[in-house]
1. Test of understanding: among GLU125, GLU80, GLU131, which residue is at pLDDT below 85 and not in a strand (DSSP E or B)?
2. I want to confirm something. Restricting to region 91-118 and keeping residues that are over 17 Å from GLU57 (Cα atoms) and among the polar types (S, T, N, Q), which single residue is surrounded by the fewest Cβ atoms within 10 Å (Cβ to Cβ)?
3. Mind counting the residues in region 44-59 that are in contact with a Pro (Cβ under 7 Å, 6 or more places away or on another chain) and touching a residue at least 60 places away in the same chain (Cβ under 8 Å)?
4. Give the residue, chosen from GLU41, GLU80, that is surrounded by fewer than 14 Cβ atoms within 10 Å (Cβ to Cβ) and either acidic (Asp, Glu) or touching a residue at least 24 places away in the same chain (Cβ under 8 Å) (or both).
Amino acid sequence: MSTAWRRVKFPAMALLAVLLAAIGWAGFSPIELPSREAVFEIPRGTYARRMAGDKVEILPSKIRLTLGLNDVLLVRNLDEVPQVFGPTIMMPGQSFRLPFTVASENQFDCTAHASGQMTVIVEPEPRWPWEKIHWRVRQWWEKRNK
């Protein structure tokens, strides 16, 4: 085996080992989050901006939650006017906490959206290694593209 081949082979093998270790960690280590709550806030001035013609989207049109990880939706109304979210009217300064216990897709009325609707997708907890890897990659991708 030539010396040039050894110089190329060692870094390639080291990179492959690091990649395999990262995939192994992502697939087999438990997913831990600081809180089970996914917090979304309706900022002050949302209603005024909307009445001025701004088609501002304060909250995402789709929120993804995961059972056992972040399965409690917490919406805070920091605006000066009441806001409707699903079955409740939140007065200024109030919060609405909605825990989910079943994987599902839910449609809610939401006055913080120009469309008046918001979808909450609740996914099952990722248990298998490929599911955990997929979950971690999607979380990374969503944070990167905010």
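1. On the way: GLU125 fails: at pLDDT below 85; GLU80 fails: at pLDDT below 85.
Unique residue meeting the criteria: GLU131.
2. Restricting attention to region 91-118, the residues satisfying the condition of being over 17 Å from GLU57 (Cα atoms) are 91-106.
Restricting the remaining residues to those that are among the polar types (S, T, N, Q) gives 94-95, 101, 104, 106.
On the way: GLN94: 14, SER95: 12, THR101: 8, SER104: 12, ASN106: 16.
Among them, the one singled out is THR101.
3. The initial filter retains those residues of region 44-59 that are in contact with a Pro (Cβ under 7 Å, 6 or more places away or on another chain), namely 58.
Checking which are touching a residue at least 60 places away in the same chain (Cβ under 8 Å) leaves us with none.
Number satisfying all stated conditions: 0.
4. Values: GLU41 fails: surrounded by fewer than 14 Cβ atoms within 10 Å (Cβ to Cβ).
Selected residue: GLU80, the only one of GLU41, GLU80 that is surrounded by fewer than 14 Cβ atoms within 10 Å (Cβ to Cβ) and either acidic (Asp, Glu) or touching a residue at least 24 places away in the same chain (Cβ under 8 Å) (or both).
The values are calculated or read from the model by the stated rules, or taken from the named source; none is laboratory data. Just so it is clear, the structure is predicted and the values come from calculations on it, not from any experiment. Here Cβ is always computed from backbone atoms with ideal geometry, including for glycine, and neighbour counts include all displayed protein chains.
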